[in-house]
Structure formats: structure tokens, C-alpha cells
1. Could you please find all residues in the stretch A:206-245 being within 18 Å of the chain's Cα centre (by Cα), assigned to a helix (DSSP H, G or I) and not small (Gly, Ala, Ser)?
2. Can you tell me which condition B:GLY239 does not meet? The list is (1) assigned to a helix (DSSP H, G or I); (2) away from ligand 2 (no atom under 16 Å from the Cβ); (3) away from chain A (no Cβ under 14 Å), and all the others hold.
3. With the structure loaded, tell me whether B:TYR115 is within 16 Å of ligand 2 (Cβ to nearest atom) and more than 19 Å from B:GLY462 (Cβ to Cβ) or whether it fails that test.
4. Kindly indicate the residue of the stretch A:79-100 that is at pLDDT 90 or above and open to solvent by 60 Å² or more (accessible area, probe 1.4 Å) and also farthest from B:GLY196 (Cα to Cα) among those meeting that condition.
5. Check off (1) of a type outside the set (D, E, K, R); (2) exposed (fewer than 14 other Cβ atoms within 10 Å of the Cβ); (3) touching a His at 6+ places or on another chain (Cβ under 8 Å) for B:ILE467 and give me the number that stays unchecked.
6. Considering each of B:LEU36, B:LEU14 in turn, give the residue that is within 16 Å of ligand 1 (Cβ to nearest atom), open to solvent by 30 Å² or more (accessible area, probe 1.4 Å) and closer than 30 Å to B:LEU149 by Cβ.
7. Identify the residue in the stretch B:483-500 that is within 8 Å of chain A (Cβ to nearest Cβ) and surrounded by 13 or more Cβ atoms within 10 Å (Cβ to Cβ) and, among all such residues, is nearest to B:GLU303 (Cα to Cα).
8. Name the residues in the stretch A:225-261 that are within 22 Å of A:PRO176 (Cβ to Cβ) and among the hydrophobic types (A, V, I, L, M, F, W, C), would you?
Amino acid sequence: MSEDELYSPRNPWFSISVGVTAAIAVLSAIVGLIWLPLLQPDLKLSGIWDAICSAAGVPNLPRPAAAVPPTFKTSNVVVTPEMLTRQDQVSIGRGATLAQRCAICHGPQGVSDANSPNLAGQYAAVTYKELNDFKTGARVNVVMSPFAANMTDQDMRDVALYYAYLPRVPSSQLNPGLPPPAIVVTGAPLRNIPPCGSCHGEIDIKAGSPWLGGQSAVYIKAQLQAFAAGTRRNDISEQMRNIARQMTAEEIDQVARYYEAQP
Amino acid sequence: MLINKRLILAHFWLAFIVFGAALVLGAWQMFERSPLNVWHLNPEFYYRSVTAHGTVMGYVFPTLIAMGFGYAISEAALERPLVGRRWAWAGIALVAIGSVVAMVPVSLGLASVLYTFYPPMIGNVFYYIGVVLVVVGSWIWVALMSINLAVWKRDNRDKPVPLAMFANVAGSYLWGWTAVGAALELIFQIIPTALGLTTTIDAGLARVFFSWTLHAIVYFWLIPTYIAYYTIFPRAIGGRLYSDAMGRVAFIMFVVVAMPIGVHHLFADPQVGAGFKFMQSVFTGLVALPTLLTVFTICASAEIASRLRGGRGAFGWIRALPWENPIMVATALSLVMLGFGGAGGLINMSYQLNTSIHNTQWVTGHFHLIFGGAIVIMYFAIAYDLWPHLTGRTLDSYGLMRTQLWLWFIGMIVTTFPWHYVGILGMPRRMAFYDYANPAISPQAFSVTMSAFGGLILLTSGILFLIVLVRGQFAPRGEAGAYTFAIPLHMPARLPVALNSFGLWLALMIGLTVVNYGYPIGQLMAVRNTSVPAVYVGASR
Ligand code: HEM
Ligand SMILES: [Cu+2]
């Protein structure tokens with residue numbers, strides 16, 4: 001018995017196995033790619049070729065002009081994990097000069113006494129995004145909007161890198177022993193709230209999420225309320241609005257106090 | 001004739017040691033997410049643990065069993081020393097090194113991506129490199145198995161390849177080809193992203209590549225079990241194998257259709273067309289055939305053994321089986337679990353029913369029953385059967401062995417039945433936290449608690465198993481004789497070439513892969529702008 005005999009249509013093992021396999025493949029292709037799709041009126045297929053393309057998964061180009069643009073400005077910043085993570089001495093130096101204008105509210109060391117956000121040690125991508133959103137009008141604030149209006153893209157990068165370079169300073173409420181509220185560590189799955197710590201640190205850090213430790217409780221609470229009420233809406237894809245809307249007033253208080261007490 | 005006993009023993013010991021460690025993690029996971037655990041504060045530990053447990057149980061443990069058992073089969077069935085002994089040691093070294101390289105970042109929390117990788121989540125690159133090393137180590141085994149077969153064939157033209165070796169090589173080819181999918185995903189997609197060379201990843205394509213591996217990997221896990229059914233069980237109970245050819249046909253069918261059906265893991269994924277999902281469902285249905293053939297053949301072989309011992313009647317013969325024999329107990333319990341698991345599998349494989357259990361705890365319940373239950377219990381049987389031959393010492397704690405096997409069976413039922421049930425109630429899988437105080441979830445609390453107790457039973461059984469093996473290592477010396485495989489009822493002197501070689505079947509396997517996967521993969525590669533930003537896990541704090 002030689003191998004030649006195996007690969008010959010006269011060998012029943014060969015002809016039956018290849019024949020049956022091919023027949024099943026062809027039959028299932030006809031049923032799956034032609035017959036079943038044509039049975040579905042919802043697909044609105046124009047013919048056999050259309051059925052095959054649809055069932056094979058050829059992407060359908062979206063019909064134009066379907067999207068409804070929002071009536072307000074949304075953030076146009078694209079955040080990537082690498083964004084502004086490299087230290088650049090020249091940029092930091094320029095940022096230090098530019099930041100003198102900010103010191104009156106955000107403090108000379110980037111630490112505020114006036115419940116304005118502390119910027120020292122904040123991720124550069126975060127500061128940059130907020131400045132950009134103030135400039136484009138995606139986020140509105142009577143004090144900040146005019147400051148951002150005249151900044152160039154490079155100015156915003158420089159200031160952001162400068163603040164990221166300053167060391168974090170804990171708040172006067174520092175108490176690292178404070179037990180974290182449940183919403184920070186486990187979220188509330190039934191309300192679709194992931195743990196705060198899965199983006200803002202403790203568990204994980206996701207690009208574009210600010211560091212919250214040492215931030216003023218008044219400020220955190222005001223922002224969560226603004227997200228919940230929809231008066232602040234520069235969060236990409238409503239990430240924070242969806243969460244804040246589901247939080248109870250008590251949880252908002254708890255997280256504000258908790259994060260203020262963190263380093 | 002087992003010559004390289006230390007090599008084989010090293011595989012089994014390493015396999016069972018990592019199995020023991022991962023078993024502890026599994027039992028802890030059961031407890032952690034049950035209502036017994038009043039409060040836990042860092043869900044991260046759960047995902048770390050699941051990643052480690054899944055990686056060890058899914059990749060390292062069964063691979064080592066297949067390799068070690070494969071070397072044993074090669075020497076015992078071909079009756080000649082293994083060719084490529086040094087390479088075999090290099091293979092196990094790669095598996096061991098790869099496991100350590102992968103487990104360090106997982107333990108540090110730098111790669112809690114779960115064993116299915118889950119792009120766009122990206123963990124520390126060493127996790128993936130470690131997995132690749134494990135696979136490369138196993139590919140050495142794949143090569144050695146086919147080389148050993150070729151060398152034997154050269155000297156034994158026209159003789160039938162012994163069934164055990166035929167099946168063993170079938171399993172190795174299946175694994176060699178099926179691992180390619182995940183290897184492509186790791187090497188061309190995930191590792192470049194983990195190294196920071198790119199910051200985006202085509203998660204849809206990655207999932208398709210993974211599905212290429214995901215279905216047939218379960219048959220790779222299964223094949224040592226099936227080899228034990230066909231070639232150990234009939235001999236161990238003093239009977240004959242009902243049909244040698246039936247075994248060959250079953251293993252051949254696994255080679256041909258086990259792989260190009262993985263899209264049934266992607267029924268809910270939008271990136272694959274419904275037509276290809278249908279085609280692969282049809283072939284999925286086909287893969288039930290070799291299992292049905294096997295169940296039939298094994299039951300017939302058991303009946304032969306029983307009638308030889310004087311069993312009679314339509315069903316009375318079942319009582320006359322040697323129930324005091326651990327291999328008998330293991331095989332029977334394995335078939336029962338295979339039956340329940342197979343029934344669940346019918347639900348998984350049908351497009352519509354699948355939607356009701358997709359991503360629920362049903363799925364974890366299902367694969368624990370089939371894999372942890374039906375398959376692993378036969379790994380125990382294989383070890384019990386081989387041990388006296390490998391150690392040269394007697395292994396006679398039969399009572400302990402039977403207790404261990406029964407405990408594994410009971411534990412598996414107690415763990416997985418409620419596990420399936422909460423899945424039907426809608427409990428999602430892969431979550432560290434369930435709020436059982438919530439009225440919508442509280443009805444699941446009892447079942448999850450029951451599963452957690454089942455986990456403890458399994459852990460007890462696992463410990464007993466290791467105790468039996470250790471005792472075997474220190475028992476008095478005893479000559480176990482040559483290691484043999486079951487003799488078929490009728491052994492034809494010559495076999496059709498088709499049942500004695502692989503060329504045709506490998507060609508069909510690759511051809512079907514092209515038919516079933518070619519277009520979905522090609523299209524995803526051709527379409528632009530399908531990548532999403534990578535989500536780096538455990539990055540800087
Ligand atoms: C004491 C016995 C065991 C217990 C209690 C146990 C428990 C668990 C649990 C709780 C998970 C996580 C499921 C989820 O979060 O969705 C898991 C995952 C897994 N287990 Fe086990 N396990 C046990 C034994 C085994 C055995 C014997 C195997 C196979 C040999 C195995 C294979 C796996 C695999 C591959 C995963 C990964 C699942 C995934 O990532 O979705 N387990 N196990
Ligand atoms: Cu599958």
C-alpha cells in the first residue's frame with residue numbers, strides 16, 4: 001500500500017472524507033451566506049450578492065447625515081496614555097513663567113487656599129485638557145474661560161508640564177488612615193458605577209483621569225454636582241456624568257471628604 | 001518499556017505542583033465572591049488570582065500532562081527510547097521558565113488581564129513573553145512526537161502505528177496548529193502594544209485569532225483523557241478495546257474539525273459575519289460525533305470486560321464491573337461528568353440559546369465540569385496508572401485513591417451545578433464583587449455558597465491526590481513490569497493508509513481553516529481604522 005493510492009479519487013477514504021467535508025462546507029455556506037439572510041425581511045437585501053456580503057460581514061458604510069450634532073460644545077481633546085508624559089525642561093521653564101498669572105487662585109506652589117483646584121503634581125494631560133476645554137468653550141467658568149481664551153496650544157502644554165513637575169502637597173485635612181468609602185473601592189455595579197479607584201488611582205489609573213488626592217472637598221463636591229446636573233459636560237463620552245448622576249448626595253459627600261484626606 | 005522515567009516524572013510532578021497551587025487560588029476565588037466573604041476591599045487581588053489560576057490551569061498544567069504522557073506513550077507504545085531526549089528537557093525547561101516569567105508580573109498586579117488576554121487591556125510584556133515560552137516549549141514536544149513516529153515508521157513499514165501513539169501524535173498536531181492563532185495574536189498584536197511600539201490594538205481581530213486557539217485547545221486538553229479511555233481503561237479492568245479503528249476515526253475527526261469552529265466563542269461579537277458564525281456552528285455540531293463514537297466504544301469495552309468476569313443480563317453486567325479499581329471509578333465518573341457537561345455544551349453551541357448564557361457564570365460552571373471534572377479526573381487516573389512504572393515502587397493505597405476520585409466527582413457536582421444555575425439567573429462571570437444584600441441578587445446567595453463548599457471538597461480531593469503520589473514515591477520497591485496498552489478485540493494485521501497516517505487529515509484541517517477563517521481574518525486585516533486605544537493595566541500609580 002503506497003501513499004499514492006491514498007490521494008486518489010479511487011481510494012474511498014480519500015474520496016469520502018474530502019467529499020463529505022467539502023459538501024458540508026458548501027451546504028453550510030449556501031444556508032448561512034445566502035438562504036438564512038434572504039429569509040430575514042429586516043435586512044432589506046437586494047439580491048444574492050447583497051445577502052452574501054451582508055452575511056460575510058462586509059462592513060456597511062454608514063448612511064451620511066445621520067448624526068445629530070449636540071447643541072453645545074464638546075471636548076475635542078484626544079487623550080492617549082502617552083500624552084505629555086515626557087518631561088521637557090524648556091517647556092517646564094516656560095510654563096513656570098506663564099503660571100505666574102495663575103498663582104493668584106491656584107497658589108504660587110500650585111496649591112490653593114481658596115478651594116480652587118490644586119494643580120501641583122496633577123497629570124499634565126489632565127491640566128492640558130481642561131485648559132483646552134476652557135478655550136474651546138466645552139467647559140465654562142467665568143474666571144477660567146477668559147484666561148484660557150488667549151493661550152496658544154504650546155502655552156497650555158507648557159503650563160500643564162510645569163504643574164505636573166511641581167511636587168504634590170497634602171491638604172491640611174490629611175488623614176491617610178481614613179477608610180475608603182465603598183464606592184471608591186467597589187463602585188456600585190447595580191447602578192453601573194465602577195469603583196472611582198479603577199480610574200483615579202488606588203486600583204488603577206486611566207489616561208486623562210485626574211489625581212484627586214488632596215483636592216479640596218468643596219471643589220470635588222461642586223464638580224460632581226455639576227456633572228450630575230449637566231452644567232459641566234466636557235467629560236469625554238459622558239464618562240463622569242453617567243457616574244455622578246447615579247451617585248447619592250451622601251456618596252458625593254463621602255468621596256469629597258475621602259479624597260481631600262488623601263496625599 | 002519506559003526508559004526516560006525521570007523526564008516523564010518531571011513533567012508530571014511539575015504539572016501537579018502547579019495544579020495544587022492553582023487549585024488553592026480557585027478555592028479562594030470561590031470563597032471571595034461568595035456571601036461567606038463579608039467584605040473585601042481590593043477587587044484587584046481577585047483579578048490577579050483569576051489570571052494566575054486561569055493561566056496555570058489552562059496553559060501550563062494540561063500542556064505538561066500532554067507532554068509527559070506523550071513521552072511515556074512514545075516509549076511504551078513504540079518500544080524504543082525517545083529520540084531527542086535533550087530537546088525534551090529543553091522543552092520542559094522552557095515551560096518552567098515561561099511559567100515563572102509569566103507569573104511574576106501577574107503576582108505583582110502588573111498583568112491582571114485574565115488568561116484570555118482581553119485586548120485592548122494590555123499588561124506587562126513579560127506575562128505574554130512567558131506564555132509564548134510555554135507554547136514554544138510545547139512545540140518542541142510536537143516536533144519530537146512526529147519525529148519519533150517517523151523514525152519508528154522507517155523501521156516498521158506497513159505495520160499499524162499503535163493506537164496510543166497514533167492518538168498522541170494526532171493531539172500534538174492539533175495543538176501545533178491550534179496554538180498558531182494565539183501566537184499570531186501575541187506576537188503581532190499584543191506584544192508590540194505591550195512594548196509601547198503601538199498604542200492602539202485591533203481588539204476584534206485579536207479576538208478572532210484567539211478563537212482560533214480557544215476551541216481546539218479544549219480538545220488538546222481532552223486528548224490525554226481520550227487516550228486513557230481507549231488504551232488504559234480496557235486493559236486496567238481486564239477487558240479488550242471494542243474497536244481500534246473506531247478510536248482512530250475519532251482522533252482523526254478531532255484533528256479535522258476541532259479547530260475551524262472557534263467562532264462559536266464569538267457569537268456575540270459584531271466583527272464576524274453571521275454567515276461564518278453559522279458555518280462554524282455546523283462544524284461544531286459535527287465535533288460531537290467523535291465523542292459519541294468514543295462513549296459507545298468505551299461502554300462496549302466495559303461490557304466486554306464485565307462479561308469476561310461473568311457479568312450477565314441487559315444491565316446486570318454493570319454491577320459485575322471491578323468497582324474497586326480506581327481506573328474503573330475514574331472512567332465511570334468521568335463519563336458521567338462528560339454527559340452532563342456535553343448537555344450544557346449543546347446550549348452553548350446553539351446561536352440562540354447561547355445569548356441567554358453568554359458571559360454568565362454558566363460558562364465557568366460548564367468548563368469546570370468538563371475540563372476540571374471529566375478531563376482532570378482522567379489525568380489523575382493516568383498518574384495512578386503510570387506511577388508504579390515511573391517510580392519503580394508500588395502504589396497500593398487503593399482506598400485512598402477511590403476516596404480521592406469520588407471526592408473530586410462530588411466536589412465537582414456540588415461546585416458546578418449551582419454555578420450553572422446562577423448563570424441562568426443572569427450572574428455575570430469574571431466579577432470580584434456581588435452585592436448579595438440587593439434583592440435582585442440575594443436569591444443567588446445560597447447557590448454561590450454551595451459552590452464555595454464544593455470548592456473546598458475539590459481542594460480536599462486535590463490534597464489527597466498529592467498525598468497518594470508522595471506516598472508512592474516513598475513506598476517499597478516493586479517491579480511493575482512492562483507498561484502496556486489495551487489490546488483490541490480484533491487487531492487487523494494491516495490498516496488502510498488513511499487510518500495509519502496524517503497527511504490527508506492535516507491537509508483537510510488546514511483547508512477547512514482557510515475556508516472558515518480566511519475571509520473573516522482577511523477582511524479584518526484589510527479594513528482600516530479598526531484599532532482602539534490600548535488600556536494599560538497596572539500602569540504607574
Ligand atoms: C478547587 C477547584 C476549583 C475552583 C473552586 C475553581 C474556581 C474558579 C473560579 C472562581 C474562577 C473565576 C471565574 C470567574 O471569575 O469568572 C475560575 C477560573 C478558571 N478556572 Fe477554576 N477552579 C477550580 C479548579 C479548576 C480546575 C481543576 C481547572 C482546570 C484544570 C480550572 C480552570 C479554570 C480556568 C481556565 C479559569 C479561567 C476562567 C476565566 O478566566 O474566565 N479550575 N476557577
Ligand atoms: Cu469552543
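1. Of everything in the stretch A:206-245, those that are within 18 Å of the chain's Cα centre (by Cα), assigned to a helix (DSSP H, G or I) and not small (Gly, Ala, Ser) turn out to be A:GLN223, A:LEU224, A:PHE227, A:ILE236, A:GLU238, A:GLN239, A:MET240, A:ARG241, A:ASN242, A:ILE243, A:ARG245.
2. Going through the list (1) assigned to a helix (DSSP H, G or I); (2) away from ligand 2 (no atom under 16 Å from the Cβ); (3) away from chain A (no Cβ under 14 Å), B:GLY239 breaks only (1).
3. Values: within 16 Å of ligand 2 (Cβ to nearest atom): yes; more than 19 Å from B:GLY462 (Cβ to Cβ): yes.
It is true that B:TYR115 is within 16 Å of ligand 2 (Cβ to nearest atom) and more than 19 Å from B:GLY462 (Cβ to Cβ).
4. Step one: list which residues in the stretch A:79-100 are at pLDDT 90 or above, which gives A:89-100.
If we keep only those that are open to solvent by 60 Å² or more (accessible area, probe 1.4 Å) too, we end up with A:89-90, A:94, A:97, A:100.
Numbers: A:GLN89: 23, A:VAL90: 25, A:ARG94: 29, A:THR97: 33, A:GLN100: 36 Å.
Checked the stretch A:79-100; the qualifying residue farthest from B:GLY196 (Cα to Cα) is A:GLN100.
5. With (1) of a type outside the set (D, E, K, R); (2) exposed (fewer than 14 other Cβ atoms within 10 Å of the Cβ); (3) touching a His at 6+ places or on another chain (Cβ under 8 Å) applied to B:ILE467, the lone miss is (3).
6. On the way: B:LEU36 fails: closer than 30 Å to B:LEU149 by Cβ.
One residue alone meets the criteria, B:LEU14.
7. B:LEU499
8. A:ILE252, A:VAL255, A:ALA256, A:ALA261
The values are calculated or read from the model by the stated rules, or taken from the named source; none is laboratory data. Just so you know, these numbers come straight off a predicted model, no measurement behind them. Here the Cβ is made from the backbone with ideal geometry for all residues, glycine too, and neighbour counts use every protein chain on show. SASA here: full protein model, heavy atoms, side chains in, ligands and nucleic acids out. Shrake-Rupley method; radii C 1.70, N 1.55, O 1.52, S 1.80 Å.
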